[in-house]
1. Name every residue in segment 351-392 that is of a type in the set (Val, Ile, Thr), open to solvent by 20 Å² or more (accessible area, probe 1.4 Å) and under 26 Å from LEU76 (Cβ atoms), in order of residue number.
2. Taking segment 42-60, which residues are open to solvent by 10 Å² or more (accessible area, probe 1.4 Å) and either over 14 Å from MET256 (Cβ atoms) or assigned to a helix (DSSP H, G or I) (or both)?
3. When only residues in segment 62-116 that are assigned to a loop (DSSP other than H, G, I, E, B) and of a type in the set (Ser, Thr, Tyr) count, which is farthest from GLN373 (Cα to Cα)?
4. State the number of residues belonging to segment 79-122 that are buried (at least 22 other Cβ atoms within 10 Å of the Cβ), more than 17 Å from the chain's Cα centre (by Cα) and under 16 Å from HIS382 (Cα atoms).
5. Being surrounded by 16 or more Cβ atoms within 10 Å (Cβ to Cβ) and not polar (S, T, N, Q) is the filter here, so list the residues in segment 328-347 that pass it.
6. Return the pairs, sorted by first residue and then second, in which the second residue is open to solvent by 40 Å² or more (accessible area, probe 1.4 Å) and in a loop (DSSP other than H, G, I, E, B), the first residue lies in segment 371-398 and is touching a residue at least 60 places away in the same chain (Cβ under 8 Å), the beta carbons are less than 6 Å apart, and the residues are 6+ apart or on different chains.
7. Identify the residue in segment 117-143 that is modelled with pLDDT of 95 or more and in a loop (DSSP other than H, G, I, E, B) and, among all such residues, is farthest from ALA83 (Cα to Cα).
8. Keeping to segment 203-217, report how many residues are assigned to a loop (DSSP other than H, G, I, E, B), buried (at least 20 other Cβ atoms within 10 Å of the Cβ) and out of contact with any Lys or Arg (no Cβ under 7 Å at 6 or more places or on another chain).
Amino acid sequence: MRHLKLQWNWLAILLVSCLRTYASSASKPNILLMMADDLGLGDVGCYGNDTLRTPNIDQLAKEGVKLTQHIAAAPLCTPSRAAFLTGRYPIRSGMGSSTNQRILYWIGGSGGLPPNETTFARILQQQGYTTALIVLTLLIGKLTGLFLVKWKAIICFALCGFLFFISWFSSYGFVKYWNCILMRNHDISEQPMKLETATSNVLKEAVSFIERNKQGPFLLFVSFLHVHTPLVTKETFLGKSRHGLYGDNVEEMDWMVGRILDAIDKAGLKNNTFTYFTSDHGGHLEAQKQNAQLGGWNGIYKGGKAMGGWEGGIRVPGIFRWPGVLPADTVIDEPTSLMDIYPTVAHLAAGIMPQDRVIDGRNLMPLLQGKVQHSEHEFMFHYCGLYLHAVRWHQKDSGALWKAHYTTPIFQPEGAGGCYISRFCNCFGEDVTHHDPPLLFDLSSDPAEIKPLSPATEPLFDTVISRIARAVQEHQRTLTPVPQQLSEYNNMWKPWLQPCCGTFPFCWCDKEGDSDQEII
């Protein structure tokens, strides 16, 4: 009898263990992250635009939570996306820059996210998630055995490649041929990539992944080519918006968002999917061709892409939906960051974040669910490359949201709202103005940063500036020197690192075929 009782005890323990494992697995939501490229906050209907049609993004906000102070960690794609993936300021991973080269220019370069950084995808994989990144051009650089060859041979090889390019490849366009490629996993499927089928390829991959992994849990990160120039748009959408080619591209992207959400709904996954939509930074004001505007609109906010401090370069959409878990039709005005996605999805997956490094993001779930009223961010630091341009202080007890600008770009021509002559604002040197004392704004009453405060107009001016200065010192003590991934050497094109479909330099393939068709 005792033996039988012991068997039942073990069976009960095993059953409870299995039920706990099942419950843990069942409680983990699917995670869908969608990120636009260069989308201005003022380009989206639910953020105030009434001349562009974005019904799918607007519906997403109506069914979930909309953040109005969602901030990118950098105003350009490379450092912003590095911070998004790691939950850390770009300066911590070497993804800031002390030169005017502030992004990765070449796939065949040696710079990139350091391998010792841990992305949220790796954390979720450890928790049983199937993961997918859908992006049209992957920036990769892997050292090969060519480094065992003598440097003279490498230099000779590079020189021969350069001469070959001058004599033959120039007709194809260097950037397009070497930099615009389509990869599936580690294999190149198109070189050069066919831009006219890009939209269909993104949708096909996203929908196929959802259908294959509907038993979950999965992490799907869809990184849109939209709305970055050259604004490749399907004929269906050309000429349909009120804002030219840029508007057409925005409306096509919204349609893509709708198709991906439809795939989630058709698979019966809506109520078990944590969905997020954002942009990597603000709209590119200076993107123009003759009289046509090819960049976005940042609403009431000053500045845009490439400007490290002004709100227009770093304030982005932040929309979340999870029916039954997150409240619907809710607006939150608290400061949040793209870096917050890292600890948020790690929490949802019951993952363990690295303990050997500073994580700057904060778990958003208590704020999104209304369990707390204030963001965990007290200070946020706004870099332009390696240079700290501005700092915001959320003084929770008073409700004030202070922002101090130490450095601002010099707009060109004088009186303009951007750097229209150079097309990008720089971070240092003669292209910027240093402010001592800093320019100070209260974003809670002046979100457009129009009227800087002074000791004469703000009694707390000196107190606020002093407190922010102490926060900067505390923040800087947490920084450690790391290799600069965007240095001139790391940003040079290196033939021996160039991904190639074929035998270098005869790199050419088209394994996708004609995929420009409706898929759902």
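1. Filtering segment 351-392 down to residues of a type in the set (Val, Ile, Thr) leaves 352, 358-359, 372, 391.
If we keep only those that are open to solvent by 20 Å² or more (accessible area, probe 1.4 Å) as well, we get 352, 358-359, 372.
Those that are of a type in the set (Val, Ile, Thr), open to solvent by 20 Å² or more (accessible area, probe 1.4 Å) and under 26 Å from LEU76 (Cβ atoms): VAL358, ILE359.
2. Of all residues in segment 42-60, those open to solvent by 10 Å² or more (accessible area, probe 1.4 Å) come to 45-53, 55-56, 58-59.
Result: GLY45, CYS46, TYR47, GLY48, ASN49, ASP50, THR51, LEU52, PRO55, ASN56, ASP58, GLN59.
3. Filtering segment 62-116 for residues assigned to a loop (DSSP other than H, G, I, E, B) gives 63-64, 72-76, 87-89, 94-116.
Pick out the ones that are also of a type in the set (Ser, Thr, Tyr) and you get 89, 97-99, 105, 110.
On the way: TYR89: 25, SER97: 36, SER98: 38, THR99: 40, TYR105: 42, SER110: 44 Å.
Checked segment 62-116; the qualifying residue farthest from GLN373 (Cα to Cα) is SER110.
4. Within segment 79-122, residues that are buried (at least 22 other Cβ atoms within 10 Å of the Cβ), more than 17 Å from the chain's Cα centre (by Cα) and under 16 Å from HIS382 (Cα atoms) number 1.
5. In the first step, residues of segment 328-347 are kept if they are surrounded by 16 or more Cβ atoms within 10 Å (Cβ to Cβ); the result is 330, 332, 334-346.
Of everything in segment 328-347, those that are surrounded by 16 or more Cβ atoms within 10 Å (Cβ to Cβ) and not polar (S, T, N, Q) turn out to be ILE332, GLU334, PRO335, LEU338, MET339, ASP340, ILE341, TYR342, PRO343, VAL345, ALA346.
6. LEU386/SER98; TYR387/PHE428; HIS394/GLU378
7. So the residue we want is GLY128.
8. Of all residues in segment 203-217, those assigned to a loop (DSSP other than H, G, I, E, B) come to 213-217.
Checking the rest, the ones that are also buried (at least 20 other Cβ atoms within 10 Å of the Cβ) come to 216-217.
Narrowing the set further to residues that are out of contact with any Lys or Arg (no Cβ under 7 Å at 6 or more places or on another chain) leaves 216.
Within segment 203-217, residues that are assigned to a loop (DSSP other than H, G, I, E, B), buried (at least 20 other Cβ atoms within 10 Å of the Cβ) and out of contact with any Lys or Arg (no Cβ under 7 Å at 6 or more places or on another chain) number 1.
The values are calculated or read from the model by the stated rules, or taken from the named source; none is laboratory data. Everything numeric in this text was worked out from a predicted model, so none of it was measured. Cβ sites come from the backbone with ideal geometry, for glycine too, and all protein chains shown count toward neighbours. In case anyone asks, the SASA skips ligands and DNA or RNA and just uses the protein heavy atoms, side chains included. Shrake-Rupley method; radii C 1.70, N 1.55, O 1.52, S 1.80 Å.
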